[in-house]
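Where a number appears in this text, it was derived from the coordinates with a stated rule and is not lab data. Just so you know, these numbers come straight off a predicted model, no measurement behind them. As a convention, Cβ positions derive from the backbone with ideal geometry for all residues, glycine included, and neighbour counts pool all protein chains shown.
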């Protein structure tokens with residue numbers, strides 16, 4: 001009978017399963033007993049080989065030395081972790097730990113021999129310790145790897161299990177460890193915790209290790225993944241924890257807060273990849289439910305660009321706040337279909353899809369008038385900097401005149417609240433996209449002035465913020481695709497910095513800012529600290545479990561390739577023209593730009609000039625007019641601010 005056939009016998013399978021399911025205490029006791037026997041056999045074989053006899057004479061001195069061999073060795077084996085390893089997942093690198101343990105144990109035993117010889121208790125042949133080291137290593141290592149082969153062979157589903165650590169020692173971590181015993185292909189080797197009071201303890205049958213030992217533990221156990229139990233980790237320490245684990249060359253995943261899970265039975269399915277916004281360490285402020293309801297509850301709301309990244313997230317938020325009706329205005333047919341189906345799947349909501357362009361005044365007017373829209377979020381825009389730079393006329397037509405069209409119709413149809421979604425690129429813009437967004441802000445401000453002068457109860461405002469993580473055209477999904485393909489990850493300039501915010505947080509802040517507006521405001525969202533693009537790329541590579549290929553590590557990992565700045569790109573983005581002029585609001589993450597620092601001039605005449613160049617399709621002149629207003633705006637604004 002072949003060895004593989006014997007291993008697959010039903011009786012052997014049952015015995016193997018009983019061994020696997022046995023308590024860890026008894027497994028360790030059995031391993032220690034086997035090691036004691038192995039060491040005694042190694043010592044007997046050493047004497048037998050040296051003396052060339054199968055039955056070496058048994059003397060009292062040899063019995064004492066035979067007793068000392070395991071007495072000295074077992075504590076050393078315990079200290080070096082030979083009994084903490086799960087035999088099924090014993091990595092090949094463990095042989096070096098076994099050799100080290102046997103070398104220390106043999107050296108300690110030789111010291112005892114030397115002391116006994118000095119006391120006149122007999123002489124041990126000098127080759128015996130050398131033979132004992134070799135034979136002991138073979139037996140200790142051989143029994144472990146043989147047991148690993150027997151336990152892993154023929155087990156089918158258990159063969160693909162991955163050894164993992166759970167970072168955290170709280171209730172969620174213990175619950176996850178228990179749940180993983182019968183689900184999926186992960187096997188928990190232990191828990192990692194920063195609290196020294198937990199180190200060395202067993203929680204739920206799993207040993208708790210200090211985080212400082214992570215590098216050696218990953219090598220010792222062949223760890224392939226670390227799952228962060230974030231509910232066990234205080235918010236102020238998460239950044240340090242993520243920085244510690246992302247450089248280990250293993251996959252890093254996360255378990256949400258236990259309070260976010262509806263039913264603990266599904267805790268295994270809640271393990272997810274670390275989101276890049278967690279790595280950025282942004283502190284989120286809970287949304288003000290009063291502001292959200294004030295803006296949305298029972299209202300007829302329209303979102304332009306409803307199928308885009310920000311537009312679709314706004315729609316998800318709006319539908320949760322119980323509007324009377326939600327109008328989805330979108331030029332992309334597939335994007336409109338997708339968001340409509342997603343929203344309809346969440347319940348019986350009044351969702352109306354409208355296919356059309358924001359530059360088509362009749363379509364916009366029909367949508368607003370037919371449904372009596374009360375609140376309008378204008379998110380439709382061309383936002384990809386290089387593409388808009390290469391298509392100047394279309395960028396101006398959509399971003400400037402599209403905003404003018406929607407805002408003018410909104411004013412005519414007595415829409416109560418109009419909120420423009422702007423960009424940090426509108427501050428001192430160096431590219432067409434940023435310049436068009438600044439024009440859009442000025443158009444909306446002009447509408448607010450006209451509404452105030454005519455004493456209309458209409459609010460027009462703009463909300464300005466930076467990049468949202470995972471949006472269409474963002475570097476984050478691009479980096480993910482490049483990492484999935486094995487690299488390289490391409491960056492324009494490693495020292496380039498950008499502001500980042502999670503899409504759901506941005507959507508909540510946009511709605512709350514709109515509710516705070518008295519008209520004519522430009523709101524600025526607190527984006528935290530700017531992120532260096534080079535650091536972002538490195539962190540995403542490490543989060544995926546890869547090393548960075550560079551001059552120090554040329555043979556493996558994922559390389560980062562610098563391709564240079566694209567046309568119109570700035571090295572640094574800004575949220576403020578002058579931070580001193582930003583005033584706080586009742587929400588700690590929302591600031592208001594001081595309108596006193598904004599110059600007043602005839603925006604209508606500038607629009608006529610720009611429209612003339614668009615109709616003439618004179619791209620160069622259109623660009624000049626576009627940036628001429630920006631220069632005038634900045635110069636006049638600075639003069640007003642210093643007056």
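Brief remarks follow.
- FRET efficiency, 1/(1 + (r/R0)^6) with R0 22 Å, evaluated for residue 632 and residue 453 via beta carbons: 0.50
- Taking packing as the residue-averaged number of other Cβ atoms within 10 angstrom, the listed peptides 503-509, 559-565, 217-223, 299-305 run from highest to lowest as 299-305, 503-509, 217-223, 559-565.
- Length released on extending from residue 49 to residue 111, taking residue separation times 0.36 nm less the Cα-Cα span: 20.1 nm
- Each peptide in 353-360, 130-137 receives the mean, over its residues, of other Cβ atoms within 10 Å, and ordering these scores from highest gives 130-137, 353-360.
- Spin-label proximity, residue 416 to the stretch 291-307 - amide N less than 15 Å from point 7 Å beyond Cα toward beta carbon: 291-302
- FRET efficiency, 1/(1 + (r/R0)^6) with R0 45 Å, evaluated for residue 349 and residue 624 via beta carbons: 0.45
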